[in-house]
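The numbers here are math on the coordinates, done by the rules we state, and not lab data. The model shown is predicted, which means the values in this text are computed figures rather than measured ones. Virtual Cβ from ideal backbone geometry, glycine too; neighbours counted across all protein chains shown.
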Amino acid sequence: MNPPTDPARMHRHDEETERLARAAFDYVADRTEREVPLDGPRPAAELDKLVGASVTRDGLGWEEALRRFTEVLAKATISMDHPLHLAYVPAAPTEAAVLFDLVVSASSIFGGSWQEGAGAVYAENQALAWLADLCRLPAGAGGCFVSGGSAANLSALVAARHRAATLREGRPARWRIAATAEAHSSVRSAAEIMDVDVLPVPGDHRGALRGEALRDALAADPEEGDGLFAVVATAGSTNLGVVDDLAGAADAAREHDLWLHVDAAYGGAALAAPSVHGLFDGIEGADSVTIDPHKWLFSPFDCAALVYRDPASAAAAHTQKASYLDAVTRDEWNPHDYAFHLSRRARGLPFWFSLVTHGTDAYREAVEATLTLTRRVAAEIAGRGGLELVFEPELSVVLFRRKGWERADYDAWADRQLTEGRAFVRATSWQGEPVMRLCFVNPRTTVEMVRPLLDSMFD
Ligand SMILES: *Cc1c(COP(=O)(O)O)cnc(C)c1O
C-alpha cells in the first residue's frame, strides 16, 4: 500500500498550476500569432515510438504530458485553419472565437438548461436569432447549438417525424423522407438510424433538387405519400457547393404537408453575403435549418446551429422526462429540449463572442471575400490550357479537371502536397469521374497562394 496522499491534490491551485497556466497561455499565444504549419498524420506505429503509453499509475507530470502533445501529437494533426487547407470543408476560426473558447472551458458551464446556464443560453440565443433572421424565419424561431451538422440533421428529422406521428392515426408501413443523391451522407445516416426509407428525388445537371422534380417524385410515389414526413433540401451541397431550389421545395412540401428541413451546414454562412443571398430565396419556408459555424462562420469545433420555425414541435419530440428532471424549470428556454442531448457544452458562445466583438458587417465581408477569392481561382483555372472547370462555382467550392489525369494522378499529387507541407487537397468524383475539388472558407487564403498550387499540377 502506498502512503495516503491528498485526494484533492489534482484540484489544488499551487505553483505547479501557475506554471502550467503560463505554459498553456504561451502555447495559445504562439498558436494564434504565428503562421501555422500544415502538419499531417503519422502512422500509429510511429506514434507508438514517440508517445508510447502515456496513461500511467503515477502520472507523467504536466511538463512531460504537454511536451508529448506539442512536440508529437499536435504535429500529427492537420491544422484545419491553414490557408491552403482546401480539402473537404476546412475551418478558419477567428482569434476572438478561439480565445473565448478557453474562457468557456474555464467557466464550467452547463449549457443544457436555463436554470443552470441562463447567461450562456441567453447569449447563444442571440447568435441563433441572427442566423434565424438571415433565414427570414418568423419571430419565435429558435433551437440550440449541437456538435455538428450530422447531429443537427438527425435531431431535426426526429422532430419532423414526431410531428407527423402526432398528426396521423396509426403507424405507416414505413416512415420516409424525400431527398436527392447529393444530400449529405449524414442525411442517409440519420434515415438509417431512424429506420426510415428515402424516396429518391432526381437532381438536375448539378445534382440540385428542383421544385418540379420534387413534385413529380411525389406525384409518382407508389405509396401515394404514405409515411412521408419530410423533404430534405441542401443549401450548399458538400461536393459541389450548389444550393437547391428552396422556394420550389418549400412550395411542394407545403402542398403535401411535409416538413421542410434545409441542410445549410456548409453553405448557410453565405446567407450573410449579399452577392449570393438570392440563391437562398425560399429558405424562409423551412421548418428547420442546419448551419455549422465551425465550417464557414469562423467558430472553432464543434459548433452547429439547429433552428426550428416552431420550436415547440421540436421540444415535444426531444424533451427528456425523469423524476430527477422534474425540478428543471419549464417556462424558460432549455437547449436540451431541442435536440438529442442533455448535458451540453455552451458551444455557441465562442461564435457569439466573435460575432459581438466584430459585428455582423465583418462576417458579411469575410464570407464575401472568400466568394470573391473562389471566383478568381475559377477564372484562373478557366484560363489555363491544361485545366478545365466542371462548373462555375455557385458558392465557395471549385470542381475542375487536370486534363489527362486519372484518379491515381490526383491522389499522388494531393499526397505530395501534404507530405511536403504545402497544402491539403483531396480529389472527389462527379458523375463517376474523378475531379479535383477545392473548398474555400478561410479569409486568409489568397489567389497568390493558390497559383503555385495549380502550377504544381504540371510539374
Ligand atoms: C458537413 C456537412 C454536414 C455534416 O456536418 P458535421 O458538422 O460534419 O457533422 C451535413 N450537411 C452538409 C451539407 C455538410 O456540408
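Side notes on the structure shown:
- Near the amide H of residue 230, within less than 5 Å, lie the amide hydrogens of 178, 259, all on another chain or at least 5 residues away, with H placed in the peptide plane.
- Cα point-scatterer Debye curve for region 219-350, base-10 log of I(q)/I(0) at q = 0.20, 0.21, 0.22 Å⁻¹: -1.20, -1.25, -1.30
- On the principal axes of its alpha carbon atoms, region 49-189 extends 62, 39, 37 Å, with the longest extent given first.
- Percent of beta bridges antiparallel (DSSP, the chain, rounded to nearest 5): 60
- Area projected by the alpha carbon convex hull of region 32-126, averaged over all directions, nm²: 9.5
- Sites matching trypsin sites (Lys or Arg not before Pro) across region 44-80 that sit in DSSP coil, with at most 12 neighbouring C-beta atoms within 10 Å: 57
- In summary, the chain shows an alpha-carbon radius of gyration equal to 1.06 times the 2.2 N^0.38 Å reference for compact globular proteins.
- A DSSP coil position with no more than 11 other Cβ atoms inside 10 Å describes the following GluC sites (Glu not before Pro) in region 190-246: 224.
- A helix-only calculation puts the chain at -12000 deg cm²/dmol for mean residue ellipticity at 222 nm, using -39500 (n - 2.57) for each DSSP H run of at least four residues, averaged over all residues.
- For region 61-73, putting each phi into the Karplus relation 6.51 cos²θ - 1.76 cosθ + 1.60 with θ = phi - 60° gives couplings of x, 5, 5, 5, 4, 5, 4, 4, 6, 5, 7, 10, 5 Hz, in residue order, rounded to whole numbers and with x for Gly and Pro.
- Calculated FRET value between residue 58 and residue 372, using beta carbons and R₀ = 51 Å, to 0.05: 0.35
- Of the residues 137, 353, 400, the one whose Cα sits farthest towards the positive end of the charge dipole of the chain is 400 (charges of +1 on Lys and Arg Cβ, -1 on Asp and Glu Cβ, taken about the Cα centre).
- Averaging Cα coordinates gives a centre for region 408-459 and one for region 13-65; these two points are 30 Å apart.
- Rounded to the nearest Hz, the phi-derived 3J(HN,Hα) couplings of region 288-298 under the Karplus curve 6.51 cos²θ - 1.76 cosθ + 1.60 (θ = phi - 60°) are 8, 9, 9, 9, 9, x, 6, 9, 10, 10, 6, where x marks glycine and proline.
- Residue-wise HN-Hα couplings along region 263-275, as the Karplus relation 6.51 cos²θ - 1.76 cosθ + 1.60 with θ = phi - 60° gives them from phi, are 8, 10, 3, 7, x, x, 4, 5, 4, 7, 9, x, 5 Hz; Gly and Pro carry x.
- Separation between Cα centres of region 238-300 and region 203-221, rounded to whole Å: 17
- Two-decimal Rg to Rh for region 355-419 - Kirkwood Rh, Cα set: 1.14
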